[in-house]
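Written below as structure tokens is the structure these notes are about.
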Amino acid sequence: MTTLPVTTLLVNAVGLTAMMMIVWWFWLWKPRNAVGTKDGVIDIRVANGTYTPALIDSPAGQPLTLRVLREDASPCAEYLIIEGLGISEPLPVNRLHMLMLPAMAAGEYRFHCQMNMYQGILRVR
Ligand SMILES: [Cu+2]
């Protein structure tokens, strides 16, 4: 019986951990701490790989204005895509960007960057 060198085991452990983190980030991650809209407006900050807030509650049948401030200049954060609404919006860097959404039917609308790194959920109910 041969014993694996410690370095091989270490490399495998690091690789496995990285894979688990990728799975968690892309498929298992769910935002917590929902933030409600105020008078049909919500401020969203785009920085450090996350939208803040990433979970937004908005009343059904009411238009919503997203006031988005993208602080992350990396191309990853360039587009804000909202599923189910057909929105793919380029975001300027360090400039407040208004995005008007029409009155929406109740449901969950995922939003994310074009690479799915930044993720969030808009809950309309
Ligand atoms: Cu991205």
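The values are calculated or read from the model by the stated rules, or taken from the named source; none is laboratory data. This one's a predicted model, so the numbers in the text were calculated from it and none came from an experiment. Backbone-built Cβ (ideal geometry, glycine too); neighbour counts: all protein chains shown. Just so you know, the surface numbers come from the protein's heavy atoms only, side chains and all, with ligands and any DNA or RNA stripped out. Shrake-Rupley method; radii C 1.70, N 1.55, O 1.52, S 1.80 Å.
If you scan the range 47-68, which residues turn out to be in a loop (DSSP other than H, G, I, E, B), open to solvent by less than 40 Å² (accessible area, probe 1.4 Å) and within 16 Å of the ligand (Cβ to nearest atom)?
Answer for the range 47-68, where residues must be in a loop (DSSP other than H, G, I, E, B), open to solvent by less than 40 Å² (accessible area, probe 1.4 Å) and within 16 Å of the ligand (Cβ to nearest atom): G49, A54.
The set of residues in the range 96-125 that are within 16 Å of the ligand (Cβ to nearest atom) and not aliphatic (A, V, I, L, M) comprises R110, F111, H112, C113, Q114, N116, Y118, Q119, G120. Within the range 69-84, the set of residues being open to solvent by less than 50 Å² (accessible area, probe 1.4 Å) and either within 14 Å of the ligand (Cβ to nearest atom) or at pLDDT below 95 (or both) comprises R70, D72, S74, C76, A77, L80, I81.
Pairs under 7 Å by beta carbon, first residue under 12 Å from G49 (Cα atoms) and assigned by TED's automatic domain parsing to the domain that holds G49 in the range 65-85, partner near the ligand (Cβ under 9 Å from one of its atoms) and of a type in the set (A, V, I, L, M), six or more apart or different chains? Between residues of the range 65-85 that are under 12 Å from G49 (Cα atoms) and assigned by TED's automatic domain parsing to the domain that holds G49 and residues that are near the ligand (Cβ under 9 Å from one of its atoms) and of a type in the set (A, V, I, L, M), the close pairs are R70/A77; C76/M115; C76/M117.
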